[in-house]
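Below: the structure, in structure tokens.
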């Protein structure tokens with residue numbers, strides 16, 4: 001996990017700024033104020049929106065951008081996070097959404113997407129923002145995932161996180 005203040009890429013910052021502006025003095029932005037078309041067009045394919053089912057704590061994709069489909073080979077719109085075929089990715093996604101809902105603030109996650117292509121590791125930077133219509137219950141999480149912008153910077157952050165507390169074993173240059 002990376003703090004939102006570490007977001008340096010233009011698109012990640014634009015997404016965070018857009019969501020922050022929607023707060024308009026409230027504790028959390030409202031989904032009813034969120035308009036995908038107000039974001040830069042090249043961000044939208046890499047967006048995802050999950051609805052939170054308060055009864056069972058599950059997360060269902062309301063929107064799954066075409067960029068995700070192209071990279072991961074599946075359209076998850078209307079499906080639960082737990083339905084992701086790569087079970088490790090499903091567990092990680094579920095945990096990330098739980099963390100964002102519990103924190104009640106934006107969080108950034110940096111992780112490898114090896115399960116989708118064992119011969120190539122893509123680094124995914126997922127900027128996740130909780131939404132609340134009533135200001136109390138988190139009912140949605142909106143995410144922007146960055147796969148290419150500032151790739152070296154994010155790969156370095158990812159490697160530092162993997163090596164935290166120990167001798168460097170992995171390098172973004174390896």
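List of remarks:
- There is at least one residue in the range 68-77 that is more than 19 Å from residue 137 (Cα to Cα), touching a strand residue (DSSP E or B) at 6+ places or on another chain (Cβ under 6 Å) and touching a residue at least 24 places away in the same chain (Cβ under 8 Å).
- Put simply, of 152, 136 the only residue that is assigned to a loop (DSSP other than H, G, I, E, B), farther than 12 Å from residue 110 by Cα, at pLDDT below 95 and out of contact with any helix residue (DSSP H, G or I) (no Cβ under 8 Å at 6 or more places or on another chain) is 136.
The values are calculated or read from the model by the stated rules, or taken from the named source; none is laboratory data. All figures in this text were calculated on a predicted structure; none of them were measured in a lab. Ideal geometry is used to build each Cβ from the backbone, glycine not excepted, and the neighbour counts take in all protein chains shown.
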